[in-house]
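Asks: Got a structure for you, written out below as C-alpha cells; questions coming shortly.
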Amino acid sequence: MIDLRLLLAVAAGKSAGIASRMLRRGGGTTLPGVVAQRIDPQVLQKLTATLPRGVVLVSGTNGKTTTTRMIAAILADDGRTPLHNRAGANLMSGVTATALAGASLGGRTHAHIGLFETDEAAFPGIAAETAPRLVVLHNLFRDQLDRYGEVDTVAQGWRAALERLPATTTVLLNADDPAVAALGEGLSAKVRYYGLNDLRHASGAAAQIGDARFCRRCGAPYRYTALFYAHIGHYRCDSCGAMRPTPDYALERLDLHGTETTTLYLTFPGSAMEVHLPLPGLYNAINALAAIAACRELGVPASRIRATLERFDAAFGRIERVDAGGRPLLIALIKNPVGATETIRMLTDSLNVERSTKTLRGDTAAAETLQGNVSTGNIQPSTLLHLLILINDRYADGTDVSWLWDAEFERLAGHVAHATVGGTRAADMAVRLKYAGVEPERMTVADDPAEALDVALSRLPPGATLYALPTYTAMLDLRAELVRRRWARPFWED
Amino acid sequence: MTWQLRLAHLYPDHMNIYGDRGNIIALQQRCRWRGIACEVIPVGPGATIDWSDIDIAFFGGGQDSGQALIAEDFVERQGPALRAAIDAGLVMLAICGGYQLLGHYFLTHAGQRLPGIGALDVYTVGGKERLIGNVVVDVNPDISGAAFRLVGFENHSGRTYLGASVRPLGRVLVGHGNNGEDGTEGAVYRNTIGCYLHGSLLPKNPQLADHLIAMALRRRYGNVVRLAPLNDALELKAQQTMVERMLGKGRWRASRRKINQALNA
C-alpha cells in the first residue's frame, strides 16, 4: 500500500532543503528533517526500515565524529557506502534530514546501510526510531552541562534505550569507561566490549576530574589499577565486586609518536591486527579501536580495515594540519574538559619525548637526532609551545565556560613560549592560563580571530609549529579566516 | 613571619561539577603570589576534622548522584561541628549543592524533605525547570565594605528562600539568582557565603576571593593584616567583559559586528 503521508513528508522535506539552499540559509542539514517530521512523525522509522543492512549508531561525548568517519571510510572502501550524517548534524532532525537526502521521492533509501553519529541526549529517541543492528557507545564525560544536564541523566537515558533493543542487535561498549561498561549488564542485545590493555599509558597522577569514579551498582569508590585519563581505566569495586569487563577487542600495545602518528597492535576473536594510524594521541587510537571493533562486527575483513585506517584523514578541525603561508599550523578542537586535557597532554608529551631524547644522548647527538626528525617531519624544533587558544561561548560551544576550570591547563605551566588567546571568552581563558601557572607576560589577548591569528603568527619563530586549540564555533571562525587567506579549502569541499 | 592558612575542601571527589575546583585554585594562587602559605585539606566521606583548626572552608556543587552519596555523611558527621564553627565565624564559601546543604532543608519536586545542617537560615524547594544562564550580581556593599559586581553562571533547579538571620549576597542584575522571584542572589551569615555562582566564581571575581582571604587572615592574625595588592588586569577584564555584555553596553558593538559579517558573507 502506498503511504501517502510518508510521500508527502519526503517531498516537503526535500523541497525545504532545496529552498533553504537556494536562499543560502545554510547547508540545509536539519530543516528538511524538521519539516518532514511535522508531516509524518514516523518518517525516520519508515525510511531507515528500507535499509537492507540496517542502521549503525555511534554515540559518546568525545570521539564520535572521528570514529563514525573511520567506520564510514572503511565501509565505503568495502563497497558499501553508508548513508552517513557526515556534516555532523546529529540530533533527530539532522539524522532525519540525512535519511531524506538519501531517499527517493518514493520513500526508499538508495544506500544499503545507515551510519549515524548520534548526539548523547538524542540517542534514546533515535535508537527507538531506527532499530539499530549495531550500537557503539564510546564514553561519557561532562560536556555542556547547560544543555545536556548531568552525566547521570544521559546514562539513564542510554540504559533505558539499550534495554529495549532485541537479541539481534549488537551493543559495543568501551570496557574502560565504567559509566558505559555498566550499561551492558543484563541486556537482551548481544554485548561486546573494547578496551586498552597497554598499562604503560596509565597516568601517574590521579586525574583531577572524573564523572564516574563511584561504582554504578553500589556507590563505593572504584579502585583503579590503571587510570588512563579522566575516569577511563582498569577499575574494580572492592565493595560489590563489579569490575571492568574483559574486552573482546583488546588494544594490547599502543605506541604514540608525538603529534604525528600512532601504532596499534590489537587482538580480537579469531585474529590480531597491527595498524599504523596517521593520527596522533591516545584518544584517536581509542577511536580507531572502536571503529575496528564496529567494522569487524559488520563483517569487514581485517585487511580492508587496516588499509583504510592507514590513510585516514581526521574529521574537519578535530586534528588538522594547515600550511599557514609557509608556517605549520596544527588545529585541534577542544570542547570539553576531558578532550581539552587529552589534547594538552598530547602536546606536552610530544615535548617530553624530545627532551628525554636530549638528556639520554647528550647535546650533540640530540641536535643530530632533532635535525633528522625535523627533516622527516617527526618532531618540531622548539622545546616550548606556541599556542593560539580560541574560546567562544555561543550555543554550539556551550554558554557556560566553567569547564575551562575542569580541564588541566596546569600541564602547560613551564611549557609555553607564547599563548595568544582569543574568542568571545578570551579574557576568561587568559585568567585560566594565568592561574594554571602560565605567566601573563607570555600571553596576548586578542578577541577577534583574525587579529589573534596575526598576533600568533607574528610571534612564531621560523621552523616552529603553531598549535591552535579552538572551541567548535571558534574553529569555524578560524577556518573561515584561513579560507579567506587561501590557506585552507572551504569546508563544504571537505 | 609567614602567614599560613588552612583551607578545607569538602568532598572534592563528589562535589566537583561546573568547574568549582577553580575556586580552590584561585584561593591557593592568590595566597602563593603574596607569600602566604596555603594548605588544602580534602574532606571526604568518613573524614574527621577539627573545624577550629580551619581558616577557610569550600563546598562546591555536585551531580545529583554525587550529592546523594555524601549528603548523609555531611549532615550526620560534619553537621553539628561545622555549624558551631560557622556560628563562631569560620570563613566559608558554598556553591549550589553545597549552599543548599548548609540550609535547613531541600524539599524535592516529589515532596521529599532532605535535611541540611541549618547553618544558614535558608531553605530550598525543587523546581521543575532549571534556571540556567549568565548572572551579574550587584554585591551588597556592607559585606566587604566595597561595592562591586560579580559575574558567574547559574545552573540549578532548586529555589532558595532566605530567612531573617541571613542577608542576601547581592541583587541580581541579570539572571535568576536564589529563586527567580525576589531578585536576590546568595546568602551571607557572619563570615559564611552561599550562592549559585559557577564560572568559576573566584578567579574572575578577585574582590570576593581577596575578601575571603582577608577575613581568614584577620581571624587568625588580628586586625593588623593588610593584603598586598596584586595585578588583576586580566581578572578584571574577564569580569568587566561579561558585566558589559550582559548589561548591554556591548550590545551595539556585537550587533554591528553581526551586520558586518552578514554583509561580508
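Every number in this text was worked out from the coordinates using simple rules, so none of it is lab data. Because the structure is a prediction, the values reported are computed rather than measured. Positions of Cβ are backbone-derived with ideal geometry, glycine not excepted, and every protein chain shown enters the neighbour counts.
Asks: Take the Cβ-Cβ distance between A:Glu310 and B:Ala68 as r, set R0 to 56 Å, and report the resulting FRET efficiency rounded to the nearest 0.05.
Replies: On the way: r = 47 Å, r/R0 = 0.85.
My answer for the efficiency is 0.75.
Asks: Which is farthest toward the positive dipole end of segment B:4-230 among B:Pro203, B:Gly158, B:Tyr105, measuring Cα position about the Cα centre, with Cβ charges +1 (Lys, Arg) and -1 (Asp, Glu)?
Replies: Of B:Pro203, B:Gly158, B:Tyr105, it is B:Pro203.
Asks: A further question follows. If the viscosity is 0.890 mPa s and the temperature 25 °C, what translational diffusion coefficient in µm²/s does Stokes-Einstein give for segment A:399-494 when Rh comes from Kirkwood over Cα pairs?
Replies: Working: Rh = 14.3 Å.
Answer from the Stokes-Einstein relation: 172 µm²/s.
Asks: Something else: With a 10 Å Cβ neighbour count serving as the proxy for reagent exposure, in which order, fewest first, do A:Trp405, B:Trp3, A:Trp158 appear? It would help to have the intermediate numbers written out before the result.
Replies: Numbers: A:Trp405 30, B:Trp3 17, A:Trp158 23.
The fewest-first ordering by Cβ neighbours comes to B:Trp3, A:Trp158, A:Trp405.
Asks: Between A:Ala160 and A:Leu384, 0.36 nm times their residue separation minus their Cα-Cα distance comes to what? Can you show the working numbers first?
Replies: Values: separation 224, 0.36 × 224 = 80.64 nm, distance 4.77 nm.
Taking 0.36 nm per residue and subtracting the Cα distance, the gain is 75.9 nm.
Asks: Then there's this: Give me the mean projected area, in nm² to one decimal, of the convex hull enclosing the Cα positions of chain A. It would help to have the intermediate numbers written out before the result.
Replies: Details: hull surface 94.3 nm².
The number I arrive at for chain A is 23.6 nm².
Asks: Using only Cα atoms, locate the centre of segment B:114-153 and the centre of segment B:160-174, then give the distance between them in Å, rounded to an integer.
Replies: That distance is 6 Å.
Asks: Counting other C-beta atoms within 10 Å, which of B:Lys204, A:Lys46 has the fewest, and how do the rest follow? If you can, show how the numbers build up before the last one.
Replies: Values: B:Lys204 30, A:Lys46 19.
Final ranking by Cβ density, sparse to dense: A:Lys46, B:Lys204.
Asks: Can you pick out the pairs among A:Lys46/A:Lys190; A:Lys14/A:Lys46; A:Lys64/A:Lys434; A:Lys335/A:Lys434; A:Lys335/B:Lys237; A:Lys335/B:Lys204 whose Cα atoms lie more than 27 Å from each other?
Replies: Working: A:Lys46/A:Lys190 25 Å; A:Lys14/A:Lys46 16 Å; A:Lys64/A:Lys434 32 Å; A:Lys335/A:Lys434 20 Å; A:Lys335/B:Lys237 23 Å; A:Lys335/B:Lys204 21 Å.
Correct reply: A:Lys64/A:Lys434.
Asks: I'd like the FRET efficiency for A:Arg5 and A:Thr168, computed as 1/(1 + (r/R0)^6) with the beta carbon distance as r and R0 of 30 Å, rounded to 0.05. Working shown, then result.
Replies: Numbers: r = 28 Å, r/R0 = 0.93.
For R0 = 30 Å, the calculated efficiency reads 0.60.
Asks: Rounded to the nearest 0.05, what FRET efficiency do A:Arg485 and A:Arg80 give with R0 = 30 Å and r taken as the Cβ-Cβ distance? Could you check? Don't jump to the answer; show the numbers that get you there.
Replies: Values: r = 39 Å, r/R0 = 1.30.
The calculated FRET efficiency here is 0.15.
Asks: Taking the Cα centre of the protein assembly as shown as the origin and placing charges on Cβ (Lys, Arg +1; Asp, Glu -1), which of B:Cys31, A:Pro462, A:Ile2 is farthest toward the positive end of the dipole?
Replies: Of the listed residues, the answer is A:Ile2.
Asks: Where both partners of a DSSP beta bridge lie in the protein assembly as shown, what percent of those bridges are antiparallel, to the nearest 5? Present the calculation step by step, with values, prior to reporting the outcome.
Replies: Numbers: 55 of 116 bridges.
For the protein assembly as shown, the DSSP antiparallel bridge percentage is about 45.
Asks: In square nanometres and to one decimal, what's the mean projected area of the convex hull around the Cα atoms of segment A:440-484? Write out the running numbers ahead of the final one.
Replies: Working: hull surface 14.6 nm².
Averaged projected hull area, Cα only: 3.7 nm².
Asks: I've got another one for you. Over chain B, what is the relative contact order in percent, taking alpha-carbon pairs closer than 8 angstrom and at least six residues apart?
Replies: On the way: 533 pairs, mean separation 46.9, N = 265.
Contact order relative to length: 18 percent.
Asks: Counting other beta carbons within 10 Å of each residue's own, what order do A:Ile319, A:Ile39 fall into, fewest first? Show your work: numbers first, answer last.
Replies: Details: A:Ile319 21, A:Ile39 16.
Taking fewest neighbouring Cβ atoms as first place, the list is A:Ile39, A:Ile319.
Asks: Still on this structure, please answer the following. Run the simple label-point estimate for B:Arg220 and B:Gln4 please: 7 Å along Cα→C-beta, distance reported in nm.
Replies: According to this spin-label approximation, the distance is 0.8 nm.
Asks: Turning to a different aspect of this structure: Find out how many positive minus negative residues lie around B:Tyr11, taking Lys and Arg as positive, Asp and Glu as negative, among other residues whose Cβ is under 13 Å from that of B:Tyr11. Write out the running numbers ahead of the final one.
Replies: Values: positive: A:Arg213, B:Arg21, B:Arg77; negative: B:Asp13, B:Asp20, B:Glu72, B:Asp73.
That sum, taken over residues with Cβ under 13 Å, equals -1.
Asks: Taking the Cα centre as origin and putting +1 on Lys and Arg beta-carbons and -1 on Asp and Glu beta-carbons, what dipole magnitude results for segment B:4-230, to the nearest 20 debye? List each step's numbers first, then the result.
Replies: Working: 20 positive and 20 negative charges, 127 e Å.
Taking the Cα centre of segment B:4-230 as origin, the dipole is about 620 debye.
Asks: Please report the net charge: other residues with Cβ closer than 12 Å to the Cβ of B:Cys31, K and R +1, D and E -1. It would help to have the intermediate numbers written out before the result.
Replies: On the way: positive: B:Arg6, B:Arg30, B:Arg32, B:Arg34; negative: B:Glu39, B:Asp55, B:Asp210.
The answer is +1.
Asks: Please get the size of the charge dipole for segment B:182-240, origin at its Cα centre, with Cβ charges of +1 on Lys and Arg and -1 on Asp and Glu, quoted in debye to the nearest 20. If you can, show how the numbers build up before the last one.
Replies: Values: 7 positive and 5 negative charges, 72 e Å.
The calculated dipole for segment B:182-240 is roughly 340 debye.
Asks: Counting Lys and Arg as +1 and Asp and Glu as -1, each charge on the Cβ, what is the dipole of the protein assembly as shown about the Cα centre in debye, to the nearest 20?
Replies: It works out to roughly 1440 debye.
Asks: Per residue, what volume in Å³ does the convex hull of the Cα atoms of chain B enclose? Intermediate results must be reported in sequence, preceding the final value.
Replies: Numbers: hull volume 38.0 nm³, N = 265.
It is 143 Å³ per residue.
Asks: For B:Trp33 and B:Ala84, compute 0.36 nm times the residue count separating them, minus their Cα-Cα distance, and round to one decimal in nm. Don't jump to the answer; show the numbers that get you there.
Replies: Working: separation 51, 0.36 × 51 = 18.36 nm, distance 3.18 nm.
Result: 15.2 nm gained on full extension.
Asks: With contacts defined as alpha carbon pairs under 8 Å and 6 or more residues apart, what's the relative contact order of chain A in percent?
Replies: Working: 1000 pairs, mean separation 55.3, N = 494.
Worked out over chain A, it gives 11 percent.
Asks: Can you list, largest first and rounded to whole Å, the semi-axes you get for segment A:3-105 by taking the square root of 5 times each eigenvalue of its Cα gyration tensor?
Replies: Numbers: eigenvalues 109, 54, 31 Å².
In descending order, the three semi-axes are 23, 16, 12 Å.
Asks: Next question, about the same structure. List the pair-distance distribution P(r) of segment A:79-187, using every Cα-Cα distance, as the percent of pairs falling in each 5 Å bin from 0 up to the bin containing the longest distance, rounded to whole percents.
Replies: Bins of 5 Å from zero give 2, 11, 20, 23, 20, 13, 7, 3, 1 percent of pairs.
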